[in-house]
1. Considering only DSSP beta bridges where both residues belong to the range 4-130, give the percentage that are antiparallel (nearest 5).
2. What ³J(HN,Hα) values, in whole Hz, does the Karplus curve 6.51 cos²θ - 1.76 cosθ + 1.60 give for the range 40-48 when θ = phi - 60°, with x put for Gly and Pro?
3. Tell me, what ³J(HN,Hα) does each residue in the range 263-273 have, in order and in whole Hz, if you take phi through Karplus 6.51 cos²θ - 1.76 cosθ + 1.60 with θ = phi - 60° and put x for Gly and Pro?
4. Which order do peptides 54-65, 173-184 fall in by mean Cβ count within 10 Å, highest first?
5. Under a Cβ-only charge scheme (Lys and Arg +1, Asp and Glu -1), can you give me the dipole magnitude of the chain about the Cα centre, in debye to the nearest 20?
6. If you place +1 on the Cβ of every Lys and Arg and -1 on the Cβ of every Asp and Glu, how big does the dipole about the Cα centre of the range 1-117 come out, in debye to the nearest 20?
7. In 10 Å bins starting at zero, report the fraction of Cα pairs in the range 145-268 per bin as a rounded %.
8. List, in the order given, every pair from 163/243; 91/163; 16/52; 188/211; 91/243 whose Cα-Cα distance in the structure shown is over 22 Å.
Amino acid sequence: MIELPESYALAEQVKKTLTGKRISNVVANHSPHGFAWFSGDPADYPAKLVGKNVTGAHVWSGNVRIEAEEMRLQISTPMRYHAPGEKRPAKHQLLIQFEDGSAISCTVQMWGCMFCYEVGHESEGIPIACSTNTNPSPLEDEFDFPYFCRLAEPGGTNALSAKAFLATEQRIVGLGNGVLQDILWTAKIHPKRVMGTLSDAEFRCMFDAVKTVLRDMAAQGGRDTERDLFGMPGGYRTVMSRKTVGNPCPRCGETIRKEAYLGGSIYYCPGCQGL
Ligand SMILES: [Zn+2]
């Protein structure tokens, strides 16, 4: 699954690179993966897509939507562009080739969707079991402070940790364990901090950090721990990540720590993110 800043970076690159290209071949489910989700039978994808021109791309609910005339691909996996003549990856879950010899491939990371359906027929194209979140994303105006407060009401989330509140249950579109680390560092909140113990000011800080950190990450083409459509790292330099663990915190100088927590690593500064 890709997180929100990378979705924006990918959609922008897909739009610039692929718009106008005509699809000449499609291979879906080449390397079967237990958590790869398709619309109906992936063997039908070539019939749905071959001969269509890519007409645009944008982000919808954290997924990248690639429009190809009346058909749409809705993707939440990392994607890679392959120039004409360039070697294709040995393993992939979706490969789309174009008439000019270029291609893109999708490879599932943990889990991911590669839906394909006719625009206007979302209910047929998106399996109910993975029905897509229609909540606003933090980069949209509807995601404002009153909305954020409603996510925490009516106190049902008081017992959750900050990480569980922000990055589980798809409560917040596109906010996963990756982007979480810098958001909590910016807000000076420990990932294990219990939500019910946050002061009003801390809760407001958390909201502000969700908005500003994700905006920064998206504006800089995603994080430096992730790869874009061309295999290049994003321009946003992560503060709390596998790249910085063991380094001094840039705010207080304490050593950045890594721990396993809730099915993923957390990175935090014991100096400015106290429990
Ligand atoms: Zn610190």
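Where a number appears in this text, it was derived from the coordinates with a stated rule and is not lab data. Remember, predicted model here, so these are calculated numbers, not experimental data. Glycine also receives a Cβ, built like all others from the backbone with ideal geometry; neighbour counts cover every protein chain displayed.
1. On the way: 29 of 31 bridges.
Here the antiparallel bridges make up roughly 95 percent for the range 4-130.
2. Calculated HN-Hα couplings, in order: x, 8, x, 5, 7, 4, x, 4, 6 Hz.
3. x, x, 6, 10, 10, 7, 10, x, x, 10, 10
4. Numbers: 54-65: 20.4, 173-184: 24.2.
Packing order, densest peptide first, comes out as 173-184, 54-65.
5. Values: 29 positive and 30 negative charges, 200 e Å.
It works out to roughly 960 debye.
6. Numbers: 12 positive and 11 negative charges, 39 e Å.
Taking the Cα centre of the range 1-117 as origin, the dipole is about 180 debye.
7. For the range 145-268, the pair-distance distribution reads 13, 44, 33, 9, 0.
8. Numbers: 163/243 20 Å; 91/163 33 Å; 16/52 17 Å; 188/211 15 Å; 91/243 27 Å.
As for pairs spanning more than 22 Å Cα to Cα, those are 91/163; 91/243.
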